[in-house]
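The values are calculated or read from the model by the stated rules, or taken from the named source; none is laboratory data. Nothing here was measured: the structure is a model prediction, and the numbers come from that model. Heads up, the Cβs are rebuilt from the backbone with ideal geometry, glycines too, and the neighbour counts pull from every protein chain shown. Just the protein is used for accessible areas: all its heavy atoms, side chains included, with ligands, DNA and RNA removed. Shrake-Rupley method; radii C 1.70, N 1.55, O 1.52, S 1.80 Å.
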Amino acid sequence: MRLSQLIVLGVLVGVGMGWWLRRDAGEPVAVARPAAPPAVAAAPEVAAATPRVGAAAPTAVPPSSATDAPSGLLLPVQGVLPSQLRDTFTDARSEGRVHDAIDIMADAGTPVLAVADGTVEKLFDSKRGGLTIYQFEPSGHWCYYYAHLQRYADGLAEKQVIKRGEVIGYVGSTGNASAEAPHLHFEVHVLGPEKQWWKGESINPYPLLQGGG
């Protein structure tokens with residue numbers, strides 16, 4: 001063989017021997033690795049419980065008229081103290097009715113006083129209530145009803161402006177009240193938009209008169 005051929009053959013043999021010796025010595029050899037498993041999809045986030053922009057707001061529930069009541073009422077029978085009152089608002093009456101008022105016991109002829117400023121809306125003589133007064137307060141939101149009067153104060157007239165504490169009548173037993181138990185039947189009504197003196201929602205006067213001695 002020619003010298004040049006021997007040199008090439010020697011180089012090839014040397015390279016092959018070196019690779020073989022490195023493998024036997026434990027030198028790492030590149031190995032194909034398995035593909036990594038696909039990433040697990042992240043769990044979806046729970047949307048926060050917030051109202052949508054532009055969503056209609058919840059409708060407010062109107063307060064009960066029982067919580068819409070006048071304050072500062074004067075006790076309407078002269079000389080009677082708040083401690084003497086008895087709550088008869090829910091007492092039963094004839095024909096399945098509920099009282100819807102309180103009875104303030106007093107001697108016949110005891111002055112009846114206006115519980116607040118207002119106007120005499122109606123003077124009426126009814127079978128049950130006898131001589132009665134319907135008083136509207138200035139805003140026309142509430143009506144005060146006085147019944148079983150012995151008589152009206154001199155000169156009292158419809159549409160007359162009256163002041164808190166003014167004498168408007170006298171305790172009696174007219175209507176269906178017992179002559180042996182004269183008293184003032186007193187009611188408070190929340191008036192509707194029609195402002196009808198004979199029609200309104202009754203609210204209990206008893207707690208309203210506790211500070212009105």
Counting only residues in the range 114-128 that are farther than 16 Å from residue 155 by Cα and more than 34 Å from the chain's Cα centre (by Cα), the one most open to solvent (accessible area, probe 1.4 Å) is identified as 127
Check whether at least one residue in the range 95-106 is open to solvent by less than 20 Å² (accessible area, probe 1.4 Å), free of Cβ contacts under 8 Å to residues at least 60 places away in the same chain, in contact with a Gly (Cβ under 9 Å, 6 or more places away or on another chain) and not polar (S, T, N, Q), and report yes or no.
no
For the range 151-178, pairs from a residue that is touching a residue at least 24 places away in the same chain (Cβ under 8 Å) and of a type in the set (Ser, Thr, Tyr) to a residue that is surrounded by 15 or more Cβ atoms within 10 Å (Cβ to Cβ) and in a loop (DSSP other than H, G, I, E, B), with Cβ under 8 Å and 6 or more apart or across chains, are 170/110; 170/153; 173/182; 174/129
Expected output for the range 60-84 (first residue aliphatic (A, V, I, L, M), partner open to solvent by 50 Å² or more (accessible area, probe 1.4 Å) and modelled with pLDDT of 90 or more, Cβ below 6 Å, 6+ apart or cross-chain) is 74/164
Within the range 177-213, the residues that are among the polar types (S, T, N, Q) and open to solvent by 50 Å² or more (accessible area, probe 1.4 Å) are 178, 210
Within the range 107-128, residues at pLDDT below 95 and outside any strand (DSSP E or B) come out as 127, 128
Counting only strands (runs of 3 or more DSSP E) entirely within the range 133-213, those with at least 3 residues that are at pLDDT below 95 are 183-190, 201-203
Does the range 145-155 include one or more residues that are open to solvent by 20 Å² or more (accessible area, probe 1.4 Å), among the basic types (Lys, Arg) and in contact with a strand residue (DSSP E or B) (Cβ under 6 Å, 6 or more places away or on another chain)? yes
Checked the range 156-176 for anything among the aliphatic types (A, V, I, L, M) and open to solvent by less than 20 Å² (accessible area, probe 1.4 Å); matches are 162, 168, 171
